[in-house]
Amino acid sequence: MSVACGIVGLPNIGKTTLFNAATGSGAERANYAFSTVEPNVAEVDVPDGRLEVIHGFIETDKVVPARVRIVDIAGLAEGASRGEGIGNKFLGHIKETDALMHVVQCFEKGEVAREKPVDPRGDIEVLELELAMADLETVARNADRVAKKARTGDKEAIFQGEVFARAKALLEEGKQLRSEAWKLDELEALRPLFLLTTKPVLYVANVGDDGSQANAKVVAEHAASVVSASIAVCGDIECELNSMDDEDRAMFMEELGIAELALPRLLQATYEVLGLQTFFTAGEKEIKAWTISSGDTGPVAAGKIHSDFEKGYVRAEVYGVDDLVDHENEVAIRAAGKLRIEGRDYVLKEGDVCHFLVNR
Ligand SMILES: Nc1nc2c(ncn2[C@@H]2O[C@H](COP(=O)(O)OP(=O)(O)O)[C@@H](O)[C@H]2O)c(=O)[nH]1
Ligand SMILES: [Mg+2]
C-alpha cells in the first residue's frame with residue numbers, strides 16, 4: 001500500500017488547484033503517470049532522477065517509481081467537527097491518510113473575495129482547532145468505552161484510559177497531539193483511533209503570482225515553531241504549467257524564474273516529514289524504487305518486496321547509485337570492493353541499491 005497524503009485547509013484557498021497541479025488532473029500530463037482512483041483521490045509517481053541514472057547502466061524491461069496517494073479533502077470549514085454541513089463525512093477521508101498537507105492561503109487576490117484580510121496564522125489556528133475538536137470527539141467516545149472495561153480491572157484498558165484522558169485534556173485546550181512527547185506504548189494506544197492531530201503535517205504556503213513572501217514567511221515560522229516543515233508553492237501557476245507541452249513549459253518556467261515544478265519538492269518534503277526514505281532494486285525485469293521508514297533494517301526492507309523475505313532474509317548485497325556511476329556495472333563494483341555484504345542488523349541508507357539473498 002502506498003503512502004497516503006491528505007490535502008486539508010480552509011475553503012477557497014487553493015486545495016483543489018494544488019491537487020490538480022500535483023496530479024495533472026484535468027490536463028494532458030505526460031511527465032507524471034497518475035491514476036484517478038476517485039475524483040478527489042489520485043496516485044502519483046514519485047519523480048526520482050536516480051531511477052533513470054540506474055537505467056543508464058542497467059538494461060531492464062520496466063522502470064517502476066514509488067507512488068504516493070493524494071486525497072483532496074473538501075468540506076473542512078469552520079464548524080466541520082460539529083457536523084455542520086458536510087464536514088464529518090470528509091473527516092472520515094482524512095483518517096485513512098498517513099500525513100497531512102495543510103494548504104494555507106498566502107496569495108492576496110483570489111477570485112473568491114475574503115471577508116477579512118489574508119491571515120495565514122489565524123487560518124492555521126482555525127483549521128487546527130477543527131482538527132482538534134474532531135479528535136476530541138473520537139477520544140471522548142473511546143474514553144467512555146475503555147472506562148467500562150477499566151472498572152473490571154483490565155490492565156490494558158486502565159492504561160488506555162490514562163492515555164486517552166491526557167489526550168482529551170490537551171485537545172480541550174485546542175492543542176495538536178503531534179506536538180506532545182509521547183512514549184512508544186502511549187502512541188500504540190492512540191494509534192487505533194486514527195487521530196488527525198497525531199499525523200505529521202507539511203504546511204504548504206500557496207503564494208500566488210503576487211509573491212506574497214511576507215505571508216509565506218509567517219507560515220514558515222509557524223512550521224518551524226511546531227517542528228514541522230513548510231514549502232511555498234504557487235498553485236495556480238503550477239496548474240497552468242501542467243497544461244502545457246514540455247517546450248512551452250520550459251520557456252514559461254524560465255520566464256517566471258521557476259527552477260523546478262512543485263510536485264517533486266512537495267513529495268520530497270512529504271517523505272521528510274514522514275521520516276521516509278527510498279531504496280532501489282535493479283534487475284533485468286525491473287528497476288524499482290521502494291519506500292521504507294528511516295532506520296529500517298535489511299529484513300524489513302526485504303519484507304516490502306515479499307512478506308516472506310523478512311523472515312527468510314540471509315544477507316543483502318548493497319551499493320550506492322554513485323558506485324554505479326563510477327564503475328558502470330555490478331561486476332566492476334564488486335571487483336572494486338564497493339559491493340557491501342550486509343546482515344540482518346544493517347540499517348539502510350538513503351538511495352541504497354539492494355539485492356536480497358533469502359532462504360525460501
Ligand atoms: N491568485 C491566486 N488564486 C488562487 C491560487 N490558488 C487558487 N486560487 C483561486 O482560489 C479559488 C479557490 O481555489 P480552489 O483550489 O478551488 O480552492 P479549495 O476550495 O481550497 O479547493 C479559485 O478561484 C482559484 O482560482 C493562487 O495561487 N493564486
Ligand atoms: Mg476544493
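A few notes on this one:
- Qualifying residue in the range 181-192 (condition: touching a Leu at 6+ places or on another chain (Cβ under 6 Å), within 27 Å of M101 (Cβ to Cβ) and not charged (D, E, K, R)): no
- Residue in the range 115-124 that is within 22 Å of S293 (Cα to Cα) and either within 16 Å of ligand 1 (Cβ to nearest atom) or within 21 Å of the chain's Cα centre (by Cα) (or both) present: no
- Wholly within the range 1-112, strands (runs of 3 or more DSSP E) carrying at least 1 residues that are away from ligand 1 (no atom under 16 Å from the Cβ), within 19 Å of the chain's Cα centre (by Cα) and at pLDDT below 85: 34-38
- Residue match in the range 152-161 (condition: under 22 Å from the mean Cα position of the chain (by Cα) and among the aromatic types (F, W, Y)): no
Residue-by-condition table, conditions (1) loosely packed, with under 15 Cβ neighbours inside 10 Å; (2) aliphatic (A, V, I, L, M); (3) modelled with pLDDT under 95:
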| position | (1), (2), (3) |
| --- | --- |
| T270 | no, no, yes |
| V273 | no, yes, yes |
| S293 | yes, no, yes |
| Y319 | no, no, no |
| V325 | yes, yes, no |
| A336 | yes, yes, no |
| R344 | yes, no, no |
| V347 | yes, yes, no |
| N359 | yes, no, yes |
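- A223 meets each of the listed conditions (1) in a helix (DSSP H, G or I); (2) in contact (Cβ under 8 Å) with a residue 40 or more places away in the chain; (3) touching a Ser or Thr at 6+ places or on another chain (Cβ under 7 Å); (4) not charged (D, E, K, R) apart from (2).
- Residues within the range 154-184 that are out of contact with any strand residue (DSSP E or B) (no Cβ under 9 Å at 6 or more places or on another chain) and within 23 Å of S228 (Cα to Cα), tallied: 17
- The helices (runs of 4 or more DSSP H) found entirely in the range 281-360 that carry 2 or more residues being over 27 Å from A99 (Cα atoms) and over 29 Å from the mean Cα position of the chain (by Cα) are 321-327, 330-335.
Here's the yes/no breakdown for (1) touching a residue at least 60 places away in the same chain (Cβ under 8 Å); (2) among the hydrophobic types (A, V, I, L, M, F, W, C); (3) under 30 Å from A216 (Cβ atoms):
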position	(1), (2), (3)
D123	yes, no, yes
L131	yes, yes, yes
D135	yes, no, yes
A143	no, yes, no
T152	no, no, no
K155	no, no, no
I158	no, yes, no
R166	no, no, no
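- Any hit, the range 193-200, residues being exposed (fewer than 15 other Cβ atoms within 10 Å of the Cβ) and part of a helix (DSSP H, G or I): no
The values are calculated or read from the model by the stated rules, or taken from the named source; none is laboratory data. Only a predicted model underlies this, so the values are computations on that prediction, with no experimental measurement involved. Cβ atoms come from the backbone with ideal geometry, glycine included; neighbour counts cover every protein chain shown.
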